[in-house]
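Only one structure is covered here, and it is reproduced in the block below.
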Amino acid sequence: MKKIKFMIMTLAIAFSIGGAFATAPRPAQECQAATQYYLNGGAYVLAGRLGIDYICNTPSSAVCTYYKVGTTYMPCMWGNYCTSNCKTGNPTPKKARN
Amino acid sequence: MNKRQVVLESISALLIMLFLYASISKFLDFQRFIGEMNNQPLPNSWTPFLVWTVPSLEIAISLALIFERTRMVGLIASLVLMTLFTIYTAVILLHFFDYVPCSCGGVIRKLSWPQHLVFNLFFVVLSVIGIILQRRSFFKSILITKNSFV
């Protein structure tokens, strides 16, 4: 009985630790680890830090931020780009900065 | 090992997998977790407290669930935590806040908010079943301890 108990617990712990490592983002593949940009008037500008400088307001089919692959900007996060003050319910776009 | 014990062990194993996986995932990508926590409609001043408390609590609950002696405490703690997560998810879905943030955390981040709600409710139900099943052996062990003193 104790053997079965021990086996179930060992499997649970092994699966959770193994699963966490297996699904951990790899910096090279994970777009969110890259520098984020947002589209502002046809130009890509630095988005800043997620949650501090901006948030991606979901649900929305719009591209919130992009990341750079070589010289191309690829979509990364979805939602409406807005700055921290969108939490107050009156979003105003932040000034573009490079 | 009777049926009740098998179910109880399986429930504990599922909860351990959930909490251990979620906490390790958070620590493995801590910077992103901080960003995602800031992205939640909670005051950003809470972030330094929450980013350490939530995963630490999850690990503590997992440890409590492993050992027979602390399992009851672990089950109650997991019920409380999962209920809080469920209430938060429901509040998000009811558009109580000005915006809907991303739903984050390892593979779980791929779930939408309604899926999150079902997922959380499932684990709330599991915790309740676990407490009911554990209660019997918990009181039994108390009785045995009391009798041994008599």
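Couple of notes before you dig in:
- Any hit, the stretch A:63-73, residues being assigned to a loop (DSSP other than H, G, I, E, B) and at pLDDT below 85: yes
- Hits in the stretch A:20-33 (condition: out of contact with any helix residue (DSSP H, G or I) (no Cβ under 9 Å at 6 or more places or on another chain) and modelled with pLDDT under 85): A:Ala28, A:Gln29, A:Cys31
- Scanning the stretch B:1-40 for residues that are of a type outside the set (A, V, I, L, M, F, W, C) and buried (at least 16 other Cβ atoms within 10 Å of the Cβ) yields a total of 13.
- With respect to being out of contact with any Lys or Arg (no Cβ under 9 Å at 6 or more places or on another chain), more than 8 Å from every other protein chain (Cβ to nearest Cβ) and assigned to a helix (DSSP H, G or I), B:Ile24 falls outside the description.
- Pick from the stretch A:1-38, criterion in contact (Cβ under 8 Å) with a residue 40 or more places away in the chain and part of a strand (DSSP E or B), ranking: nearest to the other protein chains (Cβ to nearest Cβ): A:Gln36
- Sole exception among (1) more than 16 Å from the chain's Cα centre (by Cα); (2) in a helix (DSSP H, G or I); (3) within 9 Å of chain A (Cβ to nearest Cβ) for B:Met17, by number: (1)
The values are calculated or read from the model by the stated rules, or taken from the named source; none is laboratory data. Everything quoted here is computed from the prediction, not taken from an experiment. Backbone-built Cβ (ideal geometry, glycine too); neighbour counts: all protein chains shown.
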